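Student: The structure is given below, and queries will be raised subsequently.
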Amino acid sequence: MSQNNLESSLHEARLFAPPPGFAAQAVPNSAQLAALHAAAAADHVGFWADQARVALHWQRPFTQTLDDSAAPNYRWFADGLLNVSVNCLDVHLAAHGERPAIVFEPESGEPRALSYRQLHTQVCRAANALRSLGIGRGDRVVIYMPLVPEAIIAMHACARIGAIHSVVFGGFSALSLRDRIIDAGARLLITADGGHRGGHIVELKAAADKALAEHTPIEQVIVLRQTGHDVPMQAGRDLWWHELLAAQPDSCPPEWVDAEHPLFLLYTSGSTGKPKGIQHSSAGYLLGAKLSTQWVFDLKPADVFWCTADVGWITGHSYVAYGPLANAGTIVLYEGGPTYPDAGRFWRIIERHRVSIFYTAPTAIRALMKFGDDVPKQYDLSSLRLLGSVGEPINPEAWMWYRSVIGGDRCPIVDTWWQTETGAILISPVPGVTATKPGSCTQPLPGIAADIVDDDGNAVTRADAGGYLVVRKPWPSMLRTIWNDNERYLETYWARFQNRYYVAGDSAHRDADGYYWIMGRIDDVLNVAGHRLGTMEIESALVAHPRVAEAAVVGKPHEIKGEAVFAYVVCLGERPEGDVQAFIDELRHWVGEQLGAIAKPDEIRFADNLPKTRSGKIMRRLLRTIARGEDITQDISTLENPAIVEQLRGKSSS
Ligand code: PRX
């Protein structure tokens, strides 16, 4: 995959300047962007202090900007006091109270809108409800909900009272939910009777009940009635959202918290078996989300912004729940599947709500592209003025289709590079200024000291030479630690270059114009349909099956999803032969139960053994080559069991 990206980017010579009409109205324009870069270059810390003073509403201003005394556990604006929900809602009430904050499109049925005032009222009621249950500052609340306004209300309600939310994507299994609840030490779970997806009901409450079947720290469960189908309620533990909120007052004094108070935890996969709870701060995080929304999306009051991400992912935090609201924008929220009831659904939503800024993942673009140009051409997409892409490298073909068929050749495309850990977009075009190249995320935003270094940590200066993508200086929206595991934080992001840089885990190269091209992960993390999956997590899930002795999981390029999950499995006893489909289905289902449907292997191949070196290390690179059906060029003479290669290549047992 990386090699392919390198190949394609080396041949990519197309350059698209911002359309003059767009550039003329954009903020920042080229002079403003140059001034921001100059200010950041002259005084990195002072630049961020100036931004934080202007962009955020402080209950008590900060006097210290960056505290690096415990680096790389950096602290920003530490003695300042603020509230994130106040910064996203209360500050807009006077000027924009009646403006729509959320336009919600259910999978079936009529859309509804919530003005800033209505959203504020709902958040206050939910916050009061949480307080009535004894939830307060520092308590962890797990949110396991469909993509509905109440999910955002729940997040802001936590922020309002200083509780720490941890949203778990509704597609994760009961066991994954349980693990996250336990790791976070959450006292409260907020869920729903179910959600809608592709005409089906996602049984969230059933999964929640299963997650809580054995002891967890959860004391109470709030259940939103969303589908209306019958679900069992456990007396003394489960409470209906509507009953609880009905009794609450419409206003709720905010809890003022320190800038560094954790706003949320969000679990993401790493290269070991256990997902890590990425911990974000209040002020630094919000500053990153707010400013990047301005810089990258040029968000203006008249815009209708639709980011298709679920709030279970970081994109749904920064560019659904927080960034656009901090800027008084109008967001579109769509609960259901992208092709329900047909492949025109996204385009119909854009037409209906006059969406002006659309932000989605390459996997969605590729999937919709497959249906042909005629589908989007049936809709009026003239309201669009800017398109965005996130989550994985976008191939030039999909980029060009996005630009011409969806954007009518008039909308700039912002290919935004960032991560759960970075909190906000770090590398991206600024749409009124940067000339774009299909497949490149172009250049770092102001105040982001990104770089590419070699194995020794020296900057790679030769054009097109690859290396580690790093960030040389701390930035406000960076993660603060891994919940309950600071050692792992230090080890994962800092140890590689002795704490000198933040190591993103991606490889990248820069072309002669200084444009960044992301080549892919350098660790054992897969990127399937824009979602991160740890190979070890899937391997552990497979090995937990009573018939599986050993498993190795690798990525294989996939036309739509970017990467597919390919698993080699060694069984206890005989290697399954003949009609193995039923067993493959069973294993796929098993992984779905353990982790969630997104982690199900696309292909499973059985073997008597895995290729190992004499020291016992699985040769993953070899397994990747075999999964791709490529010729083996690496040296296999060091293999403990060279004969296994032929069997692994065989199609007989897959
Ligand atoms: O490998 C990079 C890829 O997604 C990873 C981060 O995944 P996650 O934390 O789930 O966040 C996804 C949404 C921000 C990165 O390490 N990635 C993200 N954006 C891009 C990308 N790869 C290439 N181009 C991008 N624009």
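The values are calculated or read from the model by the stated rules, or taken from the named source; none is laboratory data. All figures in this text were calculated on a predicted structure; none of them were measured in a lab. When we count neighbours, we look across all protein chains shown, and the Cβ atoms used for this are built from the backbone with ideal geometry, even at glycine. Surface accessibility is based on the protein's heavy atoms, side chains included, excluding ligands, DNA and RNA. Shrake-Rupley method; radii C 1.70, N 1.55, O 1.52, S 1.80 Å.
Student: For the condition under 28 Å from R345 (Cα atoms), open to solvent by 40 Å² or more (accessible area, probe 1.4 Å), of a type in the set (A, V, I, L, M) and under 27 Å from the mean Cα position of the chain (by Cα), what is the one hit in A154, A113?
Tutor: Testing whether each residue is under 28 Å from R345 (Cα atoms), open to solvent by 40 Å² or more (accessible area, probe 1.4 Å), of a type in the set (A, V, I, L, M) and under 27 Å from the mean Cα position of the chain (by Cα) leaves just A113.
Student: Out of K276, K290, K300, which single residue is over 30 Å from V528 (Cα atoms) and among the basic types (K, R)?
Tutor: K300
Student: While we're on this one: When the residues of region 488-506 are narrowed to those that are more than 21 Å from P446 (Cα to Cα) and under 23 Å from the mean Cα position of the chain (by Cα), which ends up farthest from the ligand (Cβ to nearest atom)?
Tutor: So the residue we want is L490.
Student: G170 - would you say it is in contact with a Pro (Cβ under 9 Å, 6 or more places away or on another chain), at pLDDT 95 or above and either open to solvent by 10 Å² or more (accessible area, probe 1.4 Å) or part of a helix (DSSP H, G or I) (or both)?
Tutor: So G170 fits the description; yes.
Student: For region 512-526, give me each residue that is within 12 Å of the ligand (Cβ to nearest atom), open to solvent by 20 Å² or more (accessible area, probe 1.4 Å) and farther than 22 Å from P429 by Cα.
Tutor: Across region 512-526, the qualifying residues are I522, D523.
Student: With open to solvent by 20 Å² or more (accessible area, probe 1.4 Å), within 30 Å of G284 (Cβ to Cβ) and in contact with a strand residue (DSSP E or B) (Cβ under 7 Å, 6 or more places away or on another chain) as the only criterion, which of T434, T416, T420 stands out?
Tutor: Residue meeting the stated conditions: T434.
Student: Just to be sure before I move on: is G573 on the phi > 0 side of the Ramachandran plot, modelled with pLDDT under 95 and either within 12 Å of the ligand (Cβ to nearest atom) or not β-branched (V, I, T) (or both) in the structure I sent?
Tutor: Criteria met by G573.
Student: For region 566-602, name all the residues that are of a type in the set (A, V, I, L, M, F, W, C), open to solvent by 40 Å² or more (accessible area, probe 1.4 Å) and within 29 Å of the chain's Cα centre (by Cα).
Tutor: If the condition is that a residue be of a type in the set (A, V, I, L, M, F, W, C), open to solvent by 40 Å² or more (accessible area, probe 1.4 Å) and within 29 Å of the chain's Cα centre (by Cα), then W590, A597, I598 are the ones that fit.
Yes/no per residue for (1) in contact with a helix residue (DSSP H, G or I) (Cβ under 9 Å, 6 or more places away or on another chain); (2) closer than 23 Å to V148 by Cα:
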{"site": "H37", "(1), (2)": "no, no"}
{"site": "A41", "(1), (2)": "yes, no"}
{"site": "R53", "(1), (2)": "no, no"}
{"site": "H96", "(1), (2)": "yes, yes"}
{"site": "R99", "(1), (2)": "yes, yes"}
{"site": "P106", "(1), (2)": "no, yes"}
{"site": "P111", "(1), (2)": "yes, yes"}
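Student: Let me ask something additional. Filter region 290-303 down to the residues that are aliphatic (A, V, I, L, M), more than 12 Å from the ligand (Cβ to nearest atom) and modelled with pLDDT of 95 or more and list them by number.
Tutor: Once the filter is applied, which keeps residues that are aliphatic (A, V, I, L, M), more than 12 Å from the ligand (Cβ to nearest atom) and modelled with pLDDT of 95 or more, region 290-303 yields L291, L299.
Student: Of D455, D451, D415, which residue is more than 13 Å from the ligand (Cβ to nearest atom), closer than 20 Å to M519 by Cα and assigned to a strand (DSSP E or B)?
Tutor: Exactly one of D455, D451, D415 is more than 13 Å from the ligand (Cβ to nearest atom), closer than 20 Å to M519 by Cα and assigned to a strand (DSSP E or B), namely D451.
Student: Assigned to a loop (DSSP other than H, G, I, E, B) and surrounded by 16 or more Cβ atoms within 10 Å (Cβ to Cβ): which single residue out of G236, G270 fits that description?
Tutor: G270
Student: Only one residue in I153, I164, I135 is in contact with a helix residue (DSSP H, G or I) (Cβ under 6 Å, 6 or more places away or on another chain), closer than 22 Å to P262 by Cβ and aliphatic (A, V, I, L, M). Which one?
Tutor: I153
Student: Then there is this: Would it be correct to say that T434 is within 16 Å of the ligand (Cβ to nearest atom), over 23 Å from the mean Cα position of the chain (by Cα) and part of a loop (DSSP other than H, G, I, E, B)?
Tutor: yes
Student: Are there any pairs with C-beta distances below 6 angstrom linking a residue in region 600-624 that is aromatic (F, W, Y) and modelled with pLDDT of 90 or more to a residue that is surrounded by 14 or more Cβ atoms within 10 Å (Cβ to Cβ) and assigned to a strand (DSSP E or B), with the two at least 6 apart or on different chains, and if so which?
Tutor: F606/V569
Student: For region 239-255, how many residues meet the condition of being at pLDDT 95 or above, open to solvent by 70 Å² or more (accessible area, probe 1.4 Å) and assigned to a loop (DSSP other than H, G, I, E, B)?
Tutor: Residues in region 239-255 being at pLDDT 95 or above, open to solvent by 70 Å² or more (accessible area, probe 1.4 Å) and assigned to a loop (DSSP other than H, G, I, E, B): 4 in total.
Student: From the list L114, L89, which residue is of a type outside the set (F, W, Y) and closer than 23 Å to S282 by Cα?
Tutor: L89
Student: Looking only at region 625-642, how many residues end up being at pLDDT 85 or above and open to solvent by 70 Å² or more (accessible area, probe 1.4 Å)?
Tutor: Of the residues in that region, 3 qualify.
Student: Which residue, of P476, P429, is more than 16 Å from the ligand (Cβ to nearest atom), buried (at least 20 other Cβ atoms within 10 Å of the Cβ) and touching a residue at least 12 places away in the same chain (Cβ under 8 Å)?
Tutor: P476
Student: Just give me the residues in region 304-318 being among the β-branched types (V, I, T) and either part of a loop (DSSP other than H, G, I, E, B) or away from the ligand (no atom under 12 Å from the Cβ) (or both), in sequence order.
Tutor: V304, T308, V311
Student: Mind counting the residues in region 377-411 that are open to solvent by 10 Å² or more (accessible area, probe 1.4 Å) and either aliphatic (A, V, I, L, M) or within 16 Å of the ligand (Cβ to nearest atom) (or both)?
Tutor: 11
Student: Here's a follow-up. Which of the residues belonging to region 319-352 are of a type in the set (D, E) and not in a helix (DSSP H, G or I)?
Tutor: E335, D342 - these are the residues of region 319-352 that are of a type in the set (D, E) and not in a helix (DSSP H, G or I).
Student: Name the helices (runs of 4 or more DSSP H) wholly inside region 353-408 in which the number of residues that are among the basic types (K, R) is 1 or more.
Tutor: Once the helices (runs of 4 or more DSSP H) in region 353-408 are filtered for at least 1 residues that are among the basic types (K, R), what remains is 362-369, 374-377.
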